[in-house]
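Right, one structure below, let's go through it.
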Amino acid sequence: MTIKGETIWVTGASSGLGRELALRLAEAGNTVIASARNMEALRDLVEGFSNIHIFEFDVSQREQVSNIRASLEQRYSSIDRVILNAGTCEYFNVHKPDWSMIGRVSQVNFIGAVNTLEAVWGLLLAAPKPHIVGVGSQAVGAPFPRTQAYGASKAALHYFLESMRVDLQLLNVDVTLLKPGFVDTPLTQRNDFSMPFLWPPEKAAVKMLAALEKRQRSYAFPLPLSLLLWFGRSFPRIWLRLMRPSVVADAAGD
Ligand SMILES: NC(=O)c1ccc[n+]([C@@H]2O[C@H](COP(=O)([O-])OP(=O)(O)OC[C@H]3O[C@@H](n4cnc5c(N)ncnc54)[C@H](OP(=O)(O)O)[C@@H]3O)[C@@H](O)[C@H]2O)c1
């Protein structure tokens, strides 16, 4: 890997993709700042690595931002990259709607990324070639059933980062938007439907890091899912029929 000797903050590093990314970046000789809420899992991550620094940060809590910023500024003079990875998923049920879910999921997936950027902003801009990396989702490519909360939160994140990229050209800050399909992590292990083109997290992390090395504007994977979603966007009436709750697992039966 060509990414070495950098200081990189990965949020949501206690499991799944964040953990994989943190480990690989540390193995390559970077200083990795790994945050999440589950400190026990983070302590497990750090075992055998003196170059992974862990701290507790609930990205949904803006009240934590000034403390987090202060602790980071005490320890580091700059941060080269931030990987906005922390995320959650809940499925909406139109038969028993939990309206608060929309805000709850957005508070982590979208506002959580904003809060993280607020905390790291000064240190990021102090780096020679700052890089913001957002972990979005292919779910935004076409509407899936029960995905109102998750899809909307990721769509907000996508737009936010794309708009950021426009303004940040002037400051020489790169923005990469990663758009995973289904990856086998604790997040998806809870799913009650079959997931097409499911990737192991190791494979996903390798591909995501390759996109980071090239500072790609965006990287969606796997390709067959991107093609399926293109089809869904291009033929919305057929997509709607394919996605009928009787075809895809339906929360109504819960
Ligand atoms: N797996 C997939 O198929 C897939 C597909 C598309 C996109 N993604 C995205 O990839 C990212 C990583 O997900 P994953 O699949 O690796 O799932 P995961 O194993 O459940 O990891 C999610 C991570 O986010 C952290 N997190 C959740 N809520 C948080 C909060 N309020 N504050 C701070 N950290 C929080 C969790 O740590 P704590 O619980 O310790 O806080 C955990 O480390 C997410 O943004 C997800 O939306 C995943």
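When N67 is tested against the conditions (1) more than 22 Å from A156 (Cβ to Cβ); (2) touching a residue at least 24 places away in the same chain (Cβ under 8 Å); (3) within 15 Å of the ligand (Cβ to nearest atom), the lone failure is (2). Mind checking whether some residue in region 58-81 is open to solvent by 50 Å² or more (accessible area, probe 1.4 Å) and touching a His at 6+ places or on another chain (Cβ under 9 Å)? The answer is yes, given that some residue of region 58-81 is open to solvent by 50 Å² or more (accessible area, probe 1.4 Å) and touching a His at 6+ places or on another chain (Cβ under 9 Å). If the Cβ limit is 9 Å and pairs must be 6+ apart or interchain, which residue in region 26-55 that is closer than 19 Å to E73 by Cβ pairs with which residue that is charged (D, E, K, R)? Correct list of pairs: T31/E6; I33/R75; A34/R19; S35/E56; H53/R75; I54/R43. I'm checking my understanding of the structure. Among residues of region 24-40 that are within 13 Å of the ligand (Cβ to nearest atom) and not in a strand (DSSP E or B), which one is most open to solvent (accessible area, probe 1.4 Å)? Across region 24-40, the extreme among qualifying residues is R37. In region 3-23, the residues that are at positive phi and part of a helix (DSSP H, G or I) reach residues that are within 15 Å of the ligand (Cβ to nearest atom) and of a type outside the set (A, V, I, L, M, F, W, C) with C-beta atoms within less than 7 angstrom, at least six apart or across chains, in these pairs: G16/T185; G16/P186; G16/P201. Quick one: would you say T176 is open to solvent by less than 40 Å² (accessible area, probe 1.4 Å), modelled with pLDDT of 95 or more and closer than 19 Å to D80 by Cα? Yes: the conditions hold for T176. When the criteria are applied in full, P128 fails the requirement of being open to solvent by 10 Å² or more (accessible area, probe 1.4 Å), touching a Gly at 6+ places or on another chain (Cβ under 8 Å) and either away from the ligand (no atom under 13 Å from the Cβ) or among the charged types (D, E, K, R) (or both). Evaluate region 145-165: report whether one residue or more is aliphatic (A, V, I, L, M), more than 13 Å from the chain's Cα centre (by Cα) and under 26 Å from R244 (Cβ atoms). Yes, because at least one residue in region 145-165 is aliphatic (A, V, I, L, M), more than 13 Å from the chain's Cα centre (by Cα) and under 26 Å from R244 (Cβ atoms).
The values are calculated or read from the model by the stated rules, or taken from the named source; none is laboratory data. Bear in mind that the values here come from a model prediction, so they are computed numbers and not experimental data. As a convention, Cβ positions derive from the backbone with ideal geometry for all residues, glycine included, and neighbour counts pool all protein chains shown. Surface areas here come from the heavy atoms of the whole protein model, side chains and all, with no ligands, DNA or RNA. Shrake-Rupley method; radii C 1.70, N 1.55, O 1.52, S 1.80 Å.
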